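Taken together, the values in this text are just the output of simple stated rules run on the coordinates, not laboratory data. Note that the structure is predicted; figures quoted are calculated from it, not measured. All Cβ positions, even for glycine, are placed from backbone atoms using ideal geometry, and neighbour counts span all protein chains on display.
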There are 2 protein chains.
Amino acid sequence: MFCLTSSLEDYLEIIYILSEQGLKVGITDIAKALVVSKPSATKAIKILKNENLVSQEKYGKILLTKEGEKAAVAVYDKHKVISKFLNKVLGVSEKTAEIDACKIEHILSKETVNGIKNYLENGKM
Amino acid sequence: MFCLTSSLEDYLEIIYILSEQGLKVGITDIAKALVVSKPSATKAIKILKNENLVSQEKYGKILLTKEGEKAAVAVYDKHKVISKFLNKVLGVSEKTAEIDACKIEHILSKETVNGIKNYLENGKM
DNA sequence: AGAAAAAGTTAGCCTGGGTTTACTTTTTGT
DNA sequence: ACAAAAAGTAAACCCAGGCTAACTTTTTCT
């Protein structure tokens with residue numbers, strides 16, 4: 001069974017974010033946003049296409065499928081929760097909170113993410 | 001300039017932990033503890049030897065050098081701080097706290113780790 | 001419309017960190 | 001003391017995920 005790697009989650013997430021901002025989403029945009037080369041982005045997108053998480057016409061723009069969007073939103077939600085927690089609760093700068101959230105959003109267990117959510121929701125801040 | 005990877009930090013950390021528990025530290029023990037094959041452990045230890053972080057006689061037991069111990073302690077301290085935080089503050093089970101701490105201890109910024117330390121120290125728990 | 005620029009792709013390479021197989025060296029138990 | 005078991009090593013391989021160089025396709029600008 002196929003399982004998304006951290007790297008592939010990053011690709012899905014950035015496609016989602018760029019789309020949400022109403023920006024066009026091409027290979028070049030993705031590569032720039034993730035600070036990787038265009039061929040790296042091409043390769044990753046090819047994998048995501050094979051897994052039916054994104055769609056793309058030849059030489060065309062990139063879209064998330066229903067399934068891809070679901071996965072992207074899941075990651076992005078974790079991202080938001082984590083970075084808010086780091087910043088508001090732990091007092092980490094916004095910039096660092098962003099960076100660290102990007103790194104750990106892929107690997108934290110559901111249990112820990114729920115712990116963070118609960119903390120934020122239960123007004124302990 | 002050489003920089004420790006997450007994986008190599010894991011090796012240093014486990015050598016430190018096993019040593020601290022008074023256990024003998026051989027390739028087999030390390031491999032078992034990290035759930036990797038013996039050749040993987042051999043290869044990693046070879047790198048750490050080249051970087052003067054561990055010492056080992058041929059076919060012999062493995063010791064941390066001064067420098068290696070310093071690096072190992074730095075990682076292990078982060079580990080303890082993080083897992084305590086996850087467990088005591090976020091209410092994550094001990095087991096999951098351990099697992100998650102193992103994963104993120106290598107990648108969290110100094111700033112975030114300090115944020116966690118401050119939280120624990122300033123008696124907000 | 002056609003040349004130049006930008007976007008996308010392909011092929012081939014590299015590195016880290018695993019693996020298995022097969023070997024050598026060391027330790028252990030009778 | 002010596003055979004069997006355990007420990008360590010070496011070689012060769014795999015895979016993810018980067019990269020550059022070189023190419024094709026598409027877009028843009030004069």
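Structure notes:
- For the residues B:Thr65, B:Thr112, B:Thr96, a GNM of chain B with alpha-carbon springs under 10 Å puts the largest fluctuation on B:Thr112.
- On the beta carbon distance between B:Cys3 and A:Lys24, with R0 = 41 Å, the FRET formula returns roughly 0.65.
- Mean separation of Cα contacts under 8 Å (6+ apart) over length of chain A, as relative contact order %: 22 percent
- The longest stretch of chain A left intact once loop-based trypsin sites (Lys or Arg not before Pro) with at most 13 other Cβ atoms within 10 Å are removed from consideration, loops following DSSP, is A:62-123.
- The Rg/Rh ratio for region A:6-70 is 0.90, where Rg is the radius of gyration of the alpha carbons and Rh is the Kirkwood radius.
- The chymotrypsin sites (Phe, Trp or Tyr not before Pro) of region A:1-48 that DSSP puts in a loop, and whose beta carbon has at most 14 other beta carbons within 10 Å, are A:Phe2.
- Using θ = phi - 60° and Karplus 6.51 cos²θ - 1.76 cosθ + 1.60, couplings along region A:3-16 (whole Hz; Gly, Pro as x): 9, 5, 7, 4, 4, 5, 4, 4, 5, 4, 4, 5, 4, 4
- Estimated inter-spin distance, A:Ile107 and A:Leu63, nm [label 7 Å along Cα→Cβ]: 3.6 nm
- Listed residues A:Glu13, A:Glu94, A:Glu111, most fluctuating in chain A (Gaussian network, C-alpha, under 10 Å): A:Glu111
- Overall Cα dimensions of chain A - principal axes, largest extent first, Å: 50, 31, 22
- Relative contact order, percent, region A:6-70 [alpha-carbon distance under 8 Å, six or more residues apart]: 33 percent
- Listed residues B:Ile107, B:Ile47, B:Ile17, most fluctuating in chain B (Gaussian network, C-alpha, under 10 Å): B:Ile107
- Plainly put, the tip 7 Å out from Cα toward Cβ on A:Ser40 is 2.4 nm from that tip on each other copy, the closest given first.
- Oblate is the label for region A:73-121. Its Cα gyration tensor axes, ordered a ≥ b ≥ c, give a/c of at least 1.5 and b/c at or above a/b.
- Panel order for B:Leu108, B:Leu34, B:Leu23, by other beta carbons found within 10 Å of each beta carbon, from fewest to most: B:Leu23, B:Leu34, B:Leu108.
- Those lysines that a straight Cα-Cα span of less than 22 Å connects to A:Lys58, excepting residues fewer than 8 apart in one chain: A:Lys24, A:Lys32, A:Lys38, A:Lys43, A:Lys46, A:Lys49, A:Lys66
- Residue-averaged [θ]222 nm for the protein assembly as shown, counting only DSSP H segments that reach four residues, each worth -39500 (n - 2.57): -20000 deg cm²/dmol
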